[in-house]
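The values are calculated or read from the model by the stated rules, or taken from the named source; none is laboratory data. Treat the numbers as computed from the prediction; the structure is a model and nothing was measured. Methodologically, a virtual Cβ is constructed for each residue, glycine included, from the backbone with ideal geometry; neighbour enumeration extends over all protein chains shown.
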Amino acid sequence: MRMSTSQGNIRHVWIALTILSALFMFLPLHIQFIGEESVYAVYLQKMLQSGDLINIFYRPPLFLWAGDLLYGWLHFLPIELPLRIVSILFSIGSAGVAALFAHKVFRDKNAAVLAALVFLTLGEIQFWYGWLGYADAMFLFFIFSSGVSVWLAAQSRSVFWYGLAVLLINGAFLTKAITAYAFFFSTLAVVAYGFHSWRFFFRPINVLLSLAAFSAPIFWMQMHGSGADASFASLVHDIAMRFREVSPLKYLGHLVTIPALFVERMAPVSLVVLWFVAKRKGYFPDKDIDLILWILLINFIPYWVAPFSGMRHVMPLYGWASLVLTYWLLKLDFNARKAASVAIVIVLFLKIPFSFWALPVFKGDRRHGEMTFRAIAADVLHYTRGMAPIRQKNVTFVGFSVVAYINEIRKGQPCIRFLRRGEHGVYVLAYTPMKHASLIKKYAPFNSPLYLLYLE
């Protein structure tokens, strides 16, 4: 079938938009710390100063190792930037994995570039966790790429692809959490069933590789020595706390909102696809898409039913979801692809005021009547003037953000550490007042109190 000029040029449009999407990921890097970014930054500073790559952080440290490596090249940049750049690079890497899968499985010359574009323009990726200095973008990359490798291993009966999958899932654990293995083995079960490849995975070499999938937790616990039990227990506790009791009304609200938010945060493409699929009043039957939908459903359900789970926990599923959207766009008519392209252009241009106005106003440096975290750090140093050590007794993101900027301003001096029992004659940054401590100044950024105290 002959294509019109517009249809023939759309591939070039998608290539240009993919490059633009990758570049636009860097637009909001100038914003001060958002949320728990500062926690990673403080522990990166401690890791850089101590040289201890294993025991400084209480979680698996691969994200901080990547930040350490990048900061070695970019040490002249503010401390929040290396971690954000790591996230962006791994988001771009995930787009590459989506392109690889689409090229190999969808068998369409435009599939690869469209898959990369769709992934990079998912709202959650382009506007939030894809660039923030959290471990989530890196975790997504390892989970998604290990799942794609398992798929290709099952489909082609390739030991190479399964060996790569095992290597990648070890990277996932070292990035964040033990839940990586739930994603991995549920995906393996789906594709082994779908491609009738159980015998392949039970070959002796693949059984050994499956056991090797757990080498990262063993390595991490061995390196932690006496602290291994506490560190591993904290990972298990993170899972258990998602299932705390909640009122029936709140739980019902959670069950309704989580799926809706998942679709919403894949806008704009998800909304375009839903509109055109609804107009078509039909489903596109395909074995590969059915398997992907099963992977999504099986991995989504635990976070759907867990009362205290949130959108960060389903981050690893956005890669698979982007492939479903890509497939449907390829199957829909040209009007759907054109509408998706127009929506992407609009959203990318919205990223400019989002990065330079909305975020600075609501999360960053232009909140009316509030000091920035960096200004508070400078003010704390003005009051203390090096007369006594500064300690931290604050576990909120505000306290960590101020501590990170103090460490950066005093680069070369010992990083601020937590207050130890029995310490006296020190300044303390705390979330609440303390007995036997005099108040020096109170700050309240984001309506979260931060006290500068002097402990006699």
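Is it the case that Leu419 is touching a residue at least 12 places away in the same chain (Cβ under 8 Å), surrounded by fewer than 15 Cβ atoms within 10 Å (Cβ to Cβ), farther than 23 Å from Ile31 by Cβ and aliphatic (A, V, I, L, M)?
The answer is no for Leu419.
List the pairs whose first member sits in region 128-144 and is assigned by TED's automatic domain parsing to the domain that holds Ala213 and free of Cβ contacts under 8 Å to residues at least 40 places away in the same chain, whose second member is part of a helix (DSSP H, G or I) and surrounded by 24 or more Cβ atoms within 10 Å (Cβ to Cβ), and whose Cβ atoms are under 6 Å apart, counting only residues at least 6 apart or on separate chains?
That search, which allows pairs on different chains as well, returns Phe142/Ala172; Phe142/Thr175.
Name every residue in region 357-386 that is in contact with a strand residue (DSSP E or B) (Cβ under 9 Å, 6 or more places away or on another chain) and without any contact (Cβ under 8 Å) to a residue 40 or more places away in the chain, in order of residue number.
Listed by number, the list holds a single entry, Leu381.
Only one of these conditions is not met by Ala41: (1) under 20 Å from Phe142 (Cα atoms); (2) touching a residue at least 24 places away in the same chain (Cβ under 8 Å). Which number is it?
(1)
Report every pair of residues separated by at least 6 positions or lying on different chains whose Cβ atoms are under 9 Å apart, first residue within region 436-449 and on the phi > 0 side of the Ramachandran plot, second surrounded by 13 or more Cβ atoms within 10 Å (Cβ to Cβ) and not basic (Lys, Arg).
His436/Leu455; Phe446/Glu370; Phe446/Phe397; Phe446/Val398
Give the residue that is nearest to Phe57 (Cα to Cα), with candidates limited to residues of region 178-211 that are of a type outside the set (Lys, Arg), out of contact with any helix residue (DSSP H, G or I) (no Cβ under 6 Å at 6 or more places or on another chain) and assigned to a loop (DSSP other than H, G, I, E, B).
Thr179
Output the number of residues of region 377-402 satisfying the condition of being within 28 Å of the chain's Cα centre (by Cα) and β-branched (Val, Ile, Thr).
Qualifying residue count, region 377-402: 4.
Please work out which residue is farthest from Ile34 (Cα to Cα), limiting yourself to region 352-363 and to residues that are of a type outside the set (A, V, I, L, M) and either surrounded by fewer than 20 Cβ atoms within 10 Å (Cβ to Cβ) or outside the structural domain of Ile143 (by TED's automatic domain parsing) (or both).
Among them, the one singled out is Pro353.
Let's see how each residue does on (1) at pLDDT 85 or above; (2) within 27 Å of Gln392 (Cα to Cα):
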| position | (1), (2) |
| --- | --- |
| Thr5 | no, no |
| His12 | yes, no |
| Ile19 | yes, no |
| Phe24 | yes, no |
| Gly35 | yes, yes |
| Gly51 | yes, yes |
| Phe57 | yes, yes |
| Phe76 | no, yes |
| Ile88 | yes, no |
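Quick one: what pairs do we get from region 202-216, first residue in the same structural domain as Gly171 (by TED's automatic domain parsing) and closer than 13 Å to Trp161 by Cα, second of a type in the set (Gly, Ala, Ser) and surrounded by 15 or more Cβ atoms within 10 Å (Cβ to Cβ), C-beta under 8 Å, 6+ apart or different chains?
Once the first residue is in the same structural domain as Gly171 (by TED's automatic domain parsing) and closer than 13 Å to Trp161 by Cα and sits in region 202-216, its partners that are of a type in the set (Gly, Ala, Ser) and surrounded by 15 or more Cβ atoms within 10 Å (Cβ to Cβ) give Leu209/Gly163.
List the helices (runs of 4 or more DSSP H) inside region 91-159, counting only whole elements, that have at least 1 residues being touching a Pro at 6+ places or on another chain (Cβ under 9 Å).
123-127, 136-156
To keep it simple, each residue is scored yes or no on (1) hydrophobic (A, V, I, L, M, F, W, C); (2) out of contact with any helix residue (DSSP H, G or I) (no Cβ under 9 Å at 6 or more places or on another chain); (3) outside the structural domain of Ala116 (by TED's automatic domain parsing); (4) within 19 Å of Ala180 (Cβ to Cβ).
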position	(1), (2), (3), (4)
Ile289	yes, no, no, no
Ile295	yes, no, no, yes
Trp304	yes, no, no, yes
Pro307	no, no, no, no
Met311	yes, no, no, yes
Tyr327	no, no, no, no
Ser341	no, no, no, no
Ile346	yes, yes, no, no
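So in region 390-402, with the set limited to residues that are farther than 19 Å from Gly425 by Cα and of a type in the set (A, V, I, L, M, F, W, C), which one is surrounded by the most Cβ atoms within 10 Å (Cβ to Cβ)?
The qualifying residue surrounded by the most Cβ atoms within 10 Å (Cβ to Cβ) is Val402.
What are the residue pairs meeting all of these: first residue in region 85-112, first residue within 20 Å of Ala165 (Cβ to Cβ), second residue outside any helix (DSSP H, G or I), Cβ atoms under 8 Å, and 6 or more apart or on different chains?
Ala102/Asp108
Looking at region 334-356, I want the residues that are without any contact (Cβ under 8 Å) to a residue 12 or more places away in the chain and have a partner that is in a helix (DSSP H, G or I) and aromatic (Phe, Trp, Tyr) with Cβ atoms under 9 Å, at least 6 apart or on another chain. Which pairs are those?
Leu350/Phe127
Pick out the one residue from Val402, Val361, Val398, Val347 that is of a type in the set (A, V, I, L, M, F, W, C) and modelled with pLDDT under 90.
Going through Val402, Val361, Val398, Val347 in turn, the sole match is Val361.
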